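Trainee: If you scroll down you'll find the structure; I have some questions about it.
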Amino acid sequence: MSLIGNTPLVPIVLPGLDKPGVEVYAKVEYFNPGGSIKDRPVLWMLLSAILDGRLTRERTVLDSSSGNAGIAYAMIGGALGYKVKLVVPENASEERKKRILA
């Protein structure tokens, strides 16, 4: 979990931005374990729910997603030892389904 959000900051060169002292940086969010920025909010939501007692081992995390949030719920929920159930649309790609099941 410590890798989530601990992504590098890289300088961005923007053509036409030549203001002295102005630097632009971007976080490389695809370096998160789930490969997307969605790892951050999902980790925060799960930890918040655990800490205030809304999420217990007897409960199941339920989400309707085959996207990056679904992948993050499956990865983080599983790593924390919680049951996760995702409702995936029929047209979800095989690659997405495999990532969720992994």
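Throughout, read-outs are computed from the coordinates displayed, never taken from laboratory work. Since we're looking at a predicted model, the values are computed, not measured. Neighbour counts run over all protein chains shown; Cβ positions are idealised from the backbone, glycine included.
Trainee: So, of the residues in region 1-20 that are in a loop (DSSP other than H, G, I, E, B) and hydrophobic (A, V, I, L, M, F, W, C), which turns out to be farthest from the chain's Cα centre (by Cα)?
Mentor: Among them, the one singled out is Leu17.
Trainee: Then there's this: Testing Leu86 on (1) assigned to a helix (DSSP H, G or I); (2) crowded, with 20+ Cβ neighbours inside 10 Å, one condition comes back false. Which one is that?
Mentor: (1)
Trainee: Also, I was wondering about something else. Checking the condition closer than 16 Å to Leu3 by Cβ and among the charged types (D, E, K, R), which residue from Lys19, Lys83, Lys38 passes? Let's see the steps before the verdict.
Mentor: Numbers: Lys19 fails: closer than 16 Å to Leu3 by Cβ; Lys83 fails: closer than 16 Å to Leu3 by Cβ.
None of the other options fit; the residue is Lys38.
Trainee: Is at least one residue of region 58-75 among the charged types (D, E, K, R) and out of contact with any strand residue (DSSP E or B) (no Cβ under 6 Å at 6 or more places or on another chain)?
Mentor: For region 58-75, residues among the charged types (D, E, K, R) and out of contact with any strand residue (DSSP E or B) (no Cβ under 6 Å at 6 or more places or on another chain): present.
Trainee: Shifting gears a bit: Select from region 36-75 the residues that are among the small types (Gly, Ala, Ser), farther than 19 Å from Ile100 by Cα and part of a helix (DSSP H, G or I) and list them in ascending order.
Mentor: Going residue by residue through region 36-75, those that are among the small types (Gly, Ala, Ser) are 36, 48-49, 53, 64-67, 69-70, 72, 74.
The next check asks that each one be farther than 19 Å from Ile100 by Cα; those that pass are 48-49, 53.
Within region 36-75, Ser48, Ala49 qualify.
Trainee: Mind telling me which of the residues Ala69, Ala102, Ala92, Ala79 ends up being surrounded by 19 or more Cβ atoms within 10 Å (Cβ to Cβ) and among the aliphatic types (A, V, I, L, M)?
Mentor: Ala69
Trainee: Could you check region 48-64 and list, in sequence order, the residues that are in contact (Cβ under 8 Å) with a residue 12 or more places away in the chain and either under 14 Å from Met1 (Cα atoms) or surrounded by fewer than 20 Cβ atoms within 10 Å (Cβ to Cβ) (or both)?
Mentor: Ile50, Leu55, Arg57, Arg59, Thr60, Leu62, Asp63, Ser64
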